[in-house]
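One structure is given here, and the rest of the page talks about it.
What follows is calculated from the coordinates using simple rules that are stated; it is not laboratory data. Just so it is clear, the structure is predicted and the values come from calculations on it, not from any experiment. Neighbour counts run over all protein chains shown; Cβ positions are idealised from the backbone, glycine included.
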Amino acid sequence: MSASNCSNCASPLDPAFKHCPNCGQSTAIHRFNVKHLIHEFLHAFTHTDKGALVLLRDLAIRPSTVLREYIIEGKRKKYFNPFTLLLLVLGVTVFMSSVFHPMRGAESIYKEQIASANTQKKKALMISMAEKQERLSQLVEKKMNVVVFITAPLMALAFWLVFKGKGQNYAEHLVAYLMLTCLLSLVSSICLLPLMAILPPENMLWISLANILIQMVYTCYAYKGFLKLKGFGDMFMVVVANILGMIFWFTVLMIAMLVFIIFL
């Protein structure tokens with residue numbers, strides 16, 4: 001039986017090959033049908049070796065091992081692509097945000113000032129500010145994925161600055177934080193966003209603090225094994241890195257909000 005060519009890269013194939021030695025594509029290519037699509041979809045999420053759900057499970061129970069194997073030891077093929085997983089999780093985040101509107105009530109401070117304004121000029125200013133704040137809240141809800149993409153590089157920068165002596169470069173810290181973000185964003189979307197819809201706006205502070213606490217505990221747990229941290233001092237530096245990253249994020253957020261409110 002003569003060799004055929006790979007349908008993906010056109011490399012010559014031996015009839016005994018199950019996968020192309022050049023690009024790795026399966027040689028058993030057939031037309032799409034509904035049964036095949038369902039199988040491929042379920043396989044991507046539940047594959048016992050490297051499905052998306054398997055990676056999420058591993059990030060939940062042994063994140064330090066995942067980070068060390070994927071980033072330091074180079075076991076990339078072992079895991080579902082974390083960047084693809086992040087895009088899937090961000091899709092869930094955007095959907096949940098559009099359903100539960102976590103930014104609701106952010107403009108209420110202006111509405112209270114509108115009611116108490118003693119001049120028409122002040123009232124008009126407060127109305128304009130409330131309208132801009134509402135537009136900003138709607139924009140943030142629709143672009144929640146962009147917010148995460150902005151947050152991750154800033155947090156990674158903080159972790160790199162704090163742990164420069166551990167040998168990992170900025171890009172490696174960025175990959176690590178993006179992987180941890182997969183689970184953090186999913187937990188926040190599924191658990192905390194519904195609470196924001198149920199509880200009154202004045203409880204937003206407590207929900208935000210709960211989110212920060214989850215982030216602190218999880219990153220301490222993950223980085224302890226990832227960077228082989230030891231003792232209270234090292235773990236305290238993880239908390240410092242989180243706080244520094246939040247300062248970076250808050251500064252960028254305030255500048256962006258100020259520019260939006262003043263100029264748009």
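Tabulated data
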quantity: From M196, M216, residue being of a type outside the set (V, I, T) and either closer than 21 Å to V146 by Cβ or not in a helix (DSSP H, G or I) (or both); calculated: M196
quantity: Number of positions in region 152-202 that are free of Cβ contacts under 8 Å to residues at least 24 places away in the same chain, surrounded by 13 or more Cβ atoms within 10 Å (Cβ to Cβ) and farther than 21 Å from V239 by Cβ; calculated: 2
quantity: Which listed residue, of G225, G233, is in a helix (DSSP H, G or I) and exposed (fewer than 15 other Cβ atoms within 10 Å of the Cβ); calculated: G233
quantity: Selection within region 236-264 - surrounded by fewer than 16 Cβ atoms within 10 Å (Cβ to Cβ) and either in contact with a Lys or Arg (Cβ under 9 Å, 6 or more places away or on another chain) or β-branched (V, I, T) (or both); calculated: V239, V240, I243, I247, T251, V252, I255, V259, F260, I261, I262, L264
